[in-house]
1. Assign one of three labels to segment 30-87, namely rounded, prolate or oblate, based on the Cα gyration tensor with a ≥ b ≥ c the square roots of its eigenvalues; rounded applies when a/c is under 1.5, prolate when it is not and a/b is larger than b/c, and oblate otherwise.
2. How far is helix 149-158 tilted, in degrees, relative to the longest principal axis of the Cα atoms in the chain, given as a value from 0 to 90 rounded to the nearest 10?
3. Going by accessible area, probe 1.4 Å, with all protein chains left in place, what is the ranking of H2, H155, largest first?
4. Taking a ≥ b ≥ c as the square roots of the Cα gyration tensor eigenvalues, with a/c under 1.5 meaning rounded and otherwise prolate when a/b beats b/c, else oblate, which class fits segment 117-197?
5. Work out how much length S147 to K60 would gain on full extension: take 0.36 nm times their residue separation and subtract the Cα-Cα distance, in nm to one decimal.
6. What angle do you read, to the nearest 10 degrees and between 0 and 90, between the alpha-carbon axis of helix 76-93 and the longest principal axis of the chain?
7. If one computes P(r) from the Cα atoms of the chain, what percent of pairs lie at distances over 24 Å?
8. Say the dipole of the chain comes from +1 at the beta carbon of Lys and Arg and -1 at that of Asp and Glu; which of N44, Q156, Q113 then lies farthest toward its positive end?
Amino acid sequence: IHTFHSFCVGVIKGYSDYFPIARDSESLADLEKFEILEKIIADNSLEVIKPMNAPLHYLKEIMSGISSLKREGVTPERLTEILNQEETELLALQDQLKVGEWGLKQRNLFKQQELLEVYRWYQAALIQRQRYDYDDMIMLVVEAFQSNELLLRVHQEKLQYLLVDEYQDTNPAQYEVIKLLGAMHENVCVVGDDAQS
């Protein structure tokens, strides 16, 4: 019996040679995450998400945004693709929107592009420190399962039946773990409350 995170930590610790982090690497505490992001914001030139009069004004939103992206399984590379598509769509609408509406949409896109830069720098800082954060646990395992068939097969053979409780709370990254593990035997049962989904 595991939570998604405890299962993923077990995979990371038990098969550390499949992961780009040190064998004895530990998950970041929230305070460490806060300190890393605070330093990134302080050390880099950002226009929209670093207001001049309050440079750390958006720090909590940045932390939450990166965490949400990871829970959704959105890597910096995937976010780049999404934002490029949004920029193309916004440019196509330029002549159809009022000046104020266009300006707000453009500013929001700039915010997202700066969040992408912070997300990249944050991931680079984690790699440099050989650490990972709470949300990385699942993404690291998904990436390892997708790129290492042997690692995936070992876990598929070990876990022939899967039961997921509170399924309505499963996010896309967690769903990917279940999908990968269950692909071999297709013995997956989920229990959830549709009124909460």
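The values are calculated or read from the model by the stated rules, or taken from the named source; none is laboratory data. What you are looking at is a predicted structure, and each value in this text was computed from that prediction instead of being measured. Glycine gets a Cβ as well: all are built from the backbone with ideal geometry, and neighbour counts include every protein chain shown. Ligands, DNA and RNA are stripped out before the accessible areas are found, and what is left, the full protein with its side chains, is counted by its heavy atoms. Shrake-Rupley method; radii C 1.70, N 1.55, O 1.52, S 1.80 Å.
1. Since a/c reaches 1.5 but b/c is at least a/b, the shape of segment 30-87 is classed as oblate.
2. That helix lies at roughly 50 degrees to the long axis.
3. H2, H155
4. Verdict is oblate for segment 117-197.
5. Going from the current span to full extension adds 28.0 nm.
6. For helix 76-93, the angle is close to 40 degrees.
7. On the way: 9754 of 19306 pairs.
Summing the P(r) of the chain above 24 Å gives 51 percent of all pairs.
8. N44
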